[in-house]
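Some notes on the structure that comes next.
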Amino acid sequence: MKGNCDLCGKYGYLELHHIFGGANRSLSEKYGLVVNLCHECHNEPPDGVHFNAENMLALRKWAQKQAMENYGWDEAEFIRIFGRSYL
């Protein structure tokens with residue numbers, strides 16, 4: 001699909017990124033904690049989120065705050081669902 005990257009804003013082909021992947025991938029999907037990223041922001045070194053821990057952490061902090069606000073969770077509830085806090 002084409003659109004604007006949720007990180008850099010560049011228009012082009014986008015890739016779906018599950019902010020909390022691995023064992024939590026299905027939870028990211030369930031709670032809408034996914035973003036559309038251009039290939040460079042998603043999966044290219046050095047700044048793509050799969051290569052850059054700082055960028056990944058920033059996304060996770062943002063997503064945790066969004067989830068807590070949107071679902072009325074406190075930090076303990078987020079930890080119960082996702083296993084840890086990123087704040």
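Counting each DSSP H run of 4 or more residues in the chain as -39500 (n - 2.57), what helix-only mean residue ellipticity at 222 nm follows after dividing by all residues, to the nearest 500 deg cm²/dmol?
-12500 deg cm²/dmol
Which value in Å is the Kirkwood Rh of the chain over different Cα pairs?
Working: mean 1/r = 0.0753 Å⁻¹.
Result for the chain stands at 13.3 Å.
If I take R0 = 30 Å and measure r between the Cβ atoms of LYS10 and LYS61 in this structure, what FRET efficiency does the formula 1/(1 + (r/R0)^6) give, to the nearest 0.05?
Numbers: r = 22 Å, r/R0 = 0.75.
That pair, LYS10 with LYS61, gives E of 0.85.
Every number here is computed from the coordinates shown, using simple stated rules; none is lab data. As the structure is a prediction and not an experimental result, all values here were calculated from the model. No Cβ is skipped: glycine too gets one built from the backbone with ideal geometry, and neighbour counts run over all protein chains shown.
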